[in-house]
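Here the structure comes first, spelled out in structure tokens, and everything after it is commentary.
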Amino acid sequence: MRRMIIAGNWKMNKDIKETFDFILPLKNNLIGQNLSVEVVVCPPFTSLYVVSELLKETSIKLGAQNMFYEVEGAYTGEVSPKMLRSVRCEYVILGHSERRRYFYETDEIVNKKVKKALEFGLKPIICIGETLEERERGKTFEVIERQVKGTLSGLSADEVKSVVIAYEPVWAIGTGRNATPEQAQEAHKFIREVVSGLFDSDLADKLTIQYGGSVTAENAYSLLSQPDVDGALVGGASLKIDSFLKIVKAGEMAYLEKKD
Ligand code: PEP
């Protein structure tokens with residue numbers, strides 16, 4: 001059975017006080033719940049250390065939203081995988097469409113980051129997905145295939161075991177317009193096929209593929225219960241404790257049903 005991962009991407013939101021205000025109730029709600037789903041929070045860099053301390057001795061995991069592909073040196077403003085490990089990050093989101101759009105990250109750059117993250121024992125959550133224009137031009141599968149191949153280029157099968165892919169159609173991110181469960185399932189199945197072609201079907205079968213793009217408490221269950229949807233990368237709805245907890249619950253329910 002594949003891991004189901006519900007990750008909250010806070011993006012550029014929450015200062016230290018707001019971080020405490022979210023993490024403390026999250027911890028209180030999830031403590032002792034013995035969940036099958038993995039819960040990950042990805043705060044901004046400034047909150048990583050505090051969240052890491054608050055989450056000690058819980059099963060909630062910590063992730064960063066980005067990193068650079070060098071370990072240290074004259075790269076003003078950048079944060080390295082070594083630094084992320086030092087605050088006990090386990091995951092790192094790489095290649096988010098906002099990084100691609102505003103900071104011109106290409107598959108080649110994302111691939112360099114993925115390799116460096118793995119070298120330092122971080123699990124990359126690699127974001128891929130087509131724009132609206134690409135979908136309307138019938139290019140969805142072509143784009144997905146190119147991004148999967150580009151970002152996983154040069155990785156060994158063993159390394160890919162630590163990777164998570166997040167299918168995030170760009171037109172669904174922050175727009176309130178989520179992919180339908182059928183559209184998500186179709187794309188996830190295709191991603192698995194591409195990974196199977198690159199490596200083997202056993203590895204592809206074990207790969208966690210999250211869906212991201214306007215996931216809410218209301219639509220989470222219908223998306224997460226699709227056979228090839230193994231979790232969610234949640235932006236907006238991860239900022240409010242109530243909606244995030246409901247999405248975690250939906251994930252748990254979908255996971256247990258798929259397991260039976
Ligand atoms: C995201 O930031 O990865 C995301 C999917 O955002 P939202 O849930 O707000 O669409």
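Based on protein heavy atoms only, segment 5-259 ends up with 46 Å² per residue of surface accessible to a 1.4 Å probe.
Here the chain exposes an accessible surface that is 51 percent carbon and sulfur, computed with a 1.4 Å probe and the other protein chains kept in place. Computed 3J(HN,Hα) for segment 98-110, one whole-Hz value per residue from the Karplus formula 6.51 cos²θ - 1.76 cosθ + 1.60 where θ = phi - 60°, is 6, 5, 5, 6, 8, 10, 6, 6, 9, 4, 5, 5, 4, glycine and proline marked x. Only Cα pairs under 8 Å and 6+ residues apart enter the sum, and on that basis the relative contact order of the chain stands at 21 percent. Adding -39500 (n - 2.57) for every DSSP H run of four residues or longer, then dividing by how many residues the chain holds, sets the calculated 222 nm ellipticity at -13500 deg cm²/dmol.
For the residue pairs Lys113/Lys189; Lys149/Lys259; Lys27/Lys112; Lys149/Lys240; Lys17/Lys123, alpha carbon separations beyond 32 Å are given by Lys27/Lys112; Lys149/Lys240.
Among the GluC sites (Glu not before Pro) found in segment 169-259, those both in a DSSP coil and sparsely packed, with 15 or fewer other Cβ atoms within 10 Å of their Cβ, are Glu218. Working ranking of peptides 153-159, 36-42 by packing, defined as the average number of other Cβ atoms within 10 Å per residue, highest first, is 36-42, 153-159. A cut-off of 5 Å between modelled amide H atoms, ignoring neighbours fewer than 5 places along the same chain, links Ala166 with Ile126, Cys127, Ile128, Gln210.
The values are calculated or read from the model by the stated rules, or taken from the named source; none is laboratory data. Everything numeric in this text was worked out from a predicted model, so none of it was measured. Note: ideal-geometry Cβ built from the backbone for every residue, glycine included; neighbour counts use all protein chains shown. Quick note on the areas: whole protein, heavy atoms, side chains included, nothing else; ligands and nucleic acids left out. Shrake-Rupley method; radii C 1.70, N 1.55, O 1.52, S 1.80 Å.
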